[in-house]
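Structure record follows, encoded as structure tokens.
The values are calculated or read from the model by the stated rules, or taken from the named source; none is laboratory data. This is a predicted model, so every value here is computed, not measured. Cβ placement follows ideal geometry from the backbone for every residue including glycine, while neighbour counts extend to all protein chains displayed.
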Amino acid sequence: MKFSHSGDLLILNALVFDGTSPNLTETSIRIVNGSIVEIGGSSTGDKTFDARGRFVMPGLIDAHFHAYGISLNGLYNDTAPLSYVALTGAHRLEAALARGFTTVRDVAGGDNGLAAAVRQQLISSPRYYYTGPALSQTGGHGDPRTTDMLIDFACGHSNDIVDGVDGLRRAVRERFRLGAHAVKIMASGGVISPVDPIRVPQYSPEEIRAVVDEATRRGSYVAAHAYSSEAIQHAVVNGVRSIEHGNLMNEETAVLMSAHSAYLVPTLITYDAMSRRGKDMNMTPVALEKNSSVLDSGKTAIERAAAAGVPVGYGSDLLGDLEVDQLLGIRLQMEVLGTLETLRSVTSVNASLLQEETLGRIAVGAAGDILILEGNPFENPHCLWDIDVARTVVQAGRIVA
């Protein structure tokens, strides 16, 4: 995604983590017209930022964000006035940027109107990659109706109910017509959905392969909401590239994911946040019970994925007022992977998942998206998630927060 206006900036005396290497380098970074053009060059420029004593890294990437996830009520999120949902989503995007997330991938929501507003800088936002509404089978995770609701529901802001190969092909083609980055399907039950068991795989093999075929021919990929080993295997063997959540995977499934070059995007913070605050936000007893079943297993899933060589990204998946905990997920993931691998997850790994090699790295030719921290996360990890620790956010060569 390119912005209508980019900037020039020279960052001096920076202690740099480049997004991949464990070796930190003290150097300068020159950004021209939004892109990094020189590292370690001369120390002159019209617009300079002296980063002496500060830690400099690529801007953070959240690969599982929901701009339109304005509450914990799925039916409300899907049917509230779109003007209100979009305005609320704009505030959610602005808050994410201020935390240091210079890029987000919106899986299950967003549209070309919101993306155009971001590109034209009508709103303050991270770079915005969206799937449009997720695809759900009838009675699947994206179906917000309870068993006692005799109402028609087919299309919402975050989810569409589409069954059958032909219907899914049309739906995928429509998403790409409207500028979607990728396609999301619901491949297992979920926490807040009212009627589907969390472990049961969703969509038939033929349906998933049809979605993957359409996405692949567009040079894109499919992300799948999936918790259980059986659902993850069902998705991956039929071509899904990005597994969202994955909390209940076993070791065999992790090996299978690696063999199919699939990514895992864990979302530890959403279960932690819902366990602490969900009851006060009117989560149903069914949802709270489902949440408890996946809360403790998420870290084990990450361990298994990493051990099998699966690229592990980072996502937050926070709905409603839980969004304020977006940075705390970094702490939870760091408890499993350590500082270096977590920093890679939230920068270069997520960029590779997005198929955007200019993001998530500090290198010549990369986007001028930078996070500058007062502390060094390798020495004081809390500076990454403690919002009270001063941070400066640079996006496309402009200081934006």
Next item on the list: Consider Asp46 carefully, then state whether it is of a type in the set (Asp, Glu) and not in a helix (DSSP H, G or I).
Entry: yes
Note to self: Cβ-Cβ distance below 6 Å, separation of 6 or more or different chains: which pairs start in the range 92-105 with a residue that is at positive phi and end on one that is surrounded by 24 or more Cβ atoms within 10 Å (Cβ to Cβ)?
What the structure shows: Gly100/Leu60; Gly100/Leu371
Notebook entry, point to check: In this structure, is Thr20 within 30 Å of Ile243 (Cβ to Cβ) and not basic (Lys, Arg)?
Noted result: yes
Next item on the list: Would you be able to tell me the number of residues in the range 353-401 that are in a helix (DSSP H, G or I) and in contact (Cβ under 8 Å) with a residue 60 or more places away in the chain?
Entry: 2
Notebook entry, point to check: From the residues in the range 36-87 that are closer than 30 Å to Leu24 by Cβ and among the acidic types (Asp, Glu), which one is modelled with the lowest pLDDT?
Noted result: Asp46
Next item on the list: Kindly indicate whether any position in the range 336-356 is over 30 Å from Thr131 (Cβ atoms) and not assigned by TED's automatic domain parsing to the domain that holds Glu26.
Entry: yes
Next item on the list: Answer yes or no as to whether Ile399 is touching a Lys or Arg at 6+ places or on another chain (Cβ under 7 Å) and not hydroxyl-bearing (Ser, Thr, Tyr).
Entry: no
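Each row is one residue, and each column tells you yes or no for (1) among the hydroxyl-bearing types (Ser, Thr, Tyr); (2) under 27 Å from Ala95 (Cβ atoms); (3) assigned by TED's automatic domain parsing to the domain that holds Arg92; (4) at pLDDT 90 or above.
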residue	(1), (2), (3), (4)
Asp280	no, yes, yes, no
Met283	no, yes, yes, no
Leu288	no, yes, yes, no
Leu295	no, yes, yes, no
Thr300	yes, no, yes, yes
Arg304	no, no, yes, yes
Val310	no, no, yes, yes
Gly315	no, yes, yes, yes
Leu319	no, yes, yes, yes
Note to self: Only one of Ala287, Ala305 is more than 18 Å from the chain's Cα centre (by Cα), on the phi < 0 side of the Ramachandran plot and among the hydrophobic types (A, V, I, L, M, F, W, C). Can you tell me which?
What the structure shows: Ala287
Next item on the list: Find the residue count for the range 112-170, including only residues that are part of a loop (DSSP other than H, G, I, E, B), at negative phi and within 23 Å of the chain's Cα centre (by Cα).
Entry: 17
Next item on the list: Within the range 13-44, track down each residue that is charged (D, E, K, R) and surrounded by 16 or more Cβ atoms within 10 Å (Cβ to Cβ).
Entry: Asp18, Arg30
Checklist line | Residue that is nearest to Thr146 (Cα to Cα) [pool: residues in the range 47-88 that are β-branched (Val, Ile, Thr) and free of Cβ contacts under 8 Å to residues at least 40 places away in the same chain] | finding: Thr88
Next item on the list: All but one of (1) surrounded by fewer than 16 Cβ atoms within 10 Å (Cβ to Cβ); (2) among the polar types (S, T, N, Q); (3) in contact with a His (Cβ under 7 Å, 6 or more places away or on another chain) hold for Gln120, so report the exception by its number.
Entry: (3)
Item checked: Matching residues, the range 289-325, being surrounded by fewer than 22 Cβ atoms within 10 Å (Cβ to Cβ), in contact with a Phe, Trp or Tyr (Cβ under 8 Å, 6 or more places away or on another chain), assigned to a helix (DSSP H, G or I) and not hydrophobic (A, V, I, L, M, F, W, C) -> Asn291
Checklist line | Output for the range 57-84, where each listed residue is of a type in the set (Val, Ile, Thr) and touching a Ser or Thr at 6+ places or on another chain (Cβ under 9 Å) | finding: Ile61, Ile70
